[in-house]
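Single-structure report; data block below.
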Amino acid sequence: MTRGGETPEIFPALVENPAGQGRFVLVCEHASNDMPPRWGSLGLTADQRRGHIAWDIGALGLSRGLARRLDAVLVHAPVSRLVYDCNRAPDQPGAMAERSEMHAIPGNAGLDAQEKALRTTAVYAPFHAGLRAEIVRRIALGLEPVLVTVHSFTPVWHGVPRAVEFGIIHDEDDRLARAVLEAAGGCGLVPGLNEPYSAADDVTHTLRLQALPYGLLNVMLEIRNDLIDRPEAQEAMAERLAPVLERALAAVARPAMAG
């Protein structure tokens, strides 16, 4: 559905290293702070658009570093989560949030049903269609994909410092999350299970939509963004976390099927 029969511009998922033979499928829903011309700045300043409200700072660079080390495919969103948050279902208020942290988002205030449907068609639907296409292709290849979504979070939330550095989050299937928590021992980070968010905060939509229906191992990772706010820090964190993911998968997964 579009406004007045308008055909919206489509913003498909971006896929890197589709030929990767590793089992991990890395997903970065909040990779970009880009706001296409149709939506302008959403009424935000340049500083706001560069800030964490618009994207997960460092998450894409970390995801790319992990993809290289794990020979993993990486699927990421090309548009700011303030236009549409691809980790939220269309009926969730956070999908096109009117506020983020303490910031009002003027361009999202009072959206009508037609505009919400247009953004859903333009951003959310093609992202998840692209991700699902990659998942089912890899299932058909016998690679038994393992879904890992990669996010970052702020060191301080509403004035309260966060001690956790590495959040490990699960939905109904906690197998991989608990294995990651175990494997993270000694990696030099302060880990937390279902911190600083949990499924109760509606942050596991991608896991529910893309992994659970196929029975795929899955986990959501959250890294404190002051630890990955520079390219060299992202590379160092990827070097630290890739072995954690490998150890966790080895602890819970049966061998992949032959192709």
Restricting to the chain, what percent of DSSP beta bridges are antiparallel, rounded to 5?
40 percent
Please list the non-local residues whose amide H lies under 5 Å from the amide H of Phe24, H modeled 1.01 Å from N, same-chain partners needing a gap of 5 or more.
Val146
Diffusion coefficient in µm²/s returned for the chain by Stokes-Einstein, Kirkwood Rh over C-alpha pairs, 10 °C and 1.306 mPa s, is 85 µm²/s
Backbone HN-Hα couplings from phi across segment 34-45 [Karplus 6.51/-1.76/1.60, Hz, Gly and Pro as x]:
5, 10, x, x, 4, 9, x, 9, 6, x, 9, 6
Looking at the chain as a GNM with Cα springs under 10 Å, which of Val219, Val146, Val164 has the largest mean-square fluctuation?
Val164
Could you go through segment 86-102 in sequence order and give the Karplus-derived ³J(HN,Hα) for each residue, using 6.51 cos²θ - 1.76 cosθ + 1.60 with θ = phi - 60°, rounded to whole Hz, and x for Gly and Pro?
5, 9, 9, 6, x, 8, 8, x, x, 4, 9, 5, 7, 9, 9, 6, 9
Counting only DSSP beta bridges with both residues in segment 108-233, tell me the antiparallel percent, nearest 5.
40 percent
Against the rule of thumb 2.2 N^0.38 Å, how large the Cα Rg of segment 76-197 comes out:
1.28
Restricting to Cα pairs below 8 Å that are 6+ residues apart, what does the relative contact order work out to for segment 60-175? Please round to a whole percent.
18 percent
Any helix of the chain counts here only if DSSP assigns it H throughout, its Cα atoms span 30 Å or more along the axis, and its mean Kyte-Doolittle hydropathy is at least -0.5, and such helices are 231-252
For Val190 and Arg137, extending 7 Å from Cα along the Cα-Cβ vector and measuring point to point gives, in nm, a value of 4.1 nm
Once the piece of chain linking Ala250 and Ser41 is laid out straight, how much longer is it, given 0.36 nm per residue of separation minus the C-alpha distance between them?
70.8 nm
Hey, what's the Kirkwood Rh for segment 98-138 if you take every pair of different alpha carbons, in angstrom?
12.2 Å
Over the chain, what relative contact order in percent results from Cα pairs under 8 Å that are six or more residues apart?
25 percent
Using all alpha carbons of segment 27-119, what is the percent of pairwise distances in each 10 Å bin, ordered from the shortest bin to the longest?
16, 47, 26, 9, 1
Among Ala184, Ala248, Ala129, which one moves the most in a GNM of the chain with springs linking Cα atoms closer than 10 Å?
Ala129
Relative contact order for segment 12-131: what is it in percent, counting Cα pairs under 8 Å that are at least 6 residues apart?
35 percent
Above 22 Å lies some portion of the pair distances; for segment 110-259, what is it as a whole percent of all C-alpha pairs?
49 percent
Using θ = phi - 60° and the Karplus curve 6.51 cos²θ - 1.76 cosθ + 1.60, what whole-Hz ³J(HN,Hα) does each residue of segment 193-199 get, with Gly and Pro shown as x?
7, 6, 9, x, 10, 9, 4
Show the residues, 5+ positions off or on another chain, whose built amide H is closer than 5 Å to the amide H of Phe153.
Ile223, Arg224, Asn225
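We did not get these values from a lab; they are worked out from the coordinates using the rules stated. Worth saying up front: this structure is predicted, and the values here are computed from it rather than measured. FYI the Cβ positions are ideal-geometry reconstructions off the backbone, even for glycines, and counts take in every protein chain you see.
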